[in-house]
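The structure appears below as structure tokens.
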């Protein structure tokens, strides 16, 4: 049961990772069309300058949680690699527990800020898109990272990090044999 829950959360965050990839491709396409339009036709694509940072929010925040599952966040391991496996597990648990608290506050504050943006009726200048939706996506991404961090704590404690595995986009997925928790 626990393996199924951990795998499902990892699957959900992998889906978010694919949405982040799609947003990155959209940023690329918008930028290319804008540059070509500006250079060849003296007609830039309207709204590109304001849409690109909004898409960047989607890329960053929806990519965080999958990176947590894959162990892809930047880390400094000057001491970590010199201690034994038990001390490494303790360090992982402490770091991730602190992260849970910080991410909880970040998620809460982003959600509150989205409410402020919505109440104020803030929109982008050219396309008049409501900004609060992108702040809510950031809050969702932060919540997914919080959930991913919690799942990885459970995986470390229950020693599921090497038992839960699956191929691309299959529920129940997780880390492959030999990969970092």
Helix-derived [θ] at 222 nm for the chain: sum -39500 (n - 2.57) over DSSP H runs of at least 4, divide by residue count, nearest 500? -25000 deg cm²/dmol
If I take R0 = 30 Å and measure r between the Cβ atoms of residue 102 and residue 130 in this structure, what FRET efficiency does the formula 1/(1 + (r/R0)^6) give, to the nearest 0.05? 0.60
Taking Cα centroids, how far is region 1-62 from region 110-136 in Å? 18
Of [x] 39; [y] 45; [z] 48, which one was derived for percent of Cα pairs over 24 Å apart from the structure shown? [z]
Packing-based exposure ordering (other Cβ within 10 Å, fewest first) of 27, 1: 1, 27
Highest-first arrangement of 150-156, 32-38, 55-61, where packing means the average Cβ count within 10 Å: 150-156, 55-61, 32-38
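Quick note: the coordinates plus some simple rules give every number you see, no bench work behind them. None of these values were measured; they are calculated from a predicted model. So basically every Cβ, Gly included, is an ideal-geometry build from the backbone, and we count neighbours across all protein chains shown.
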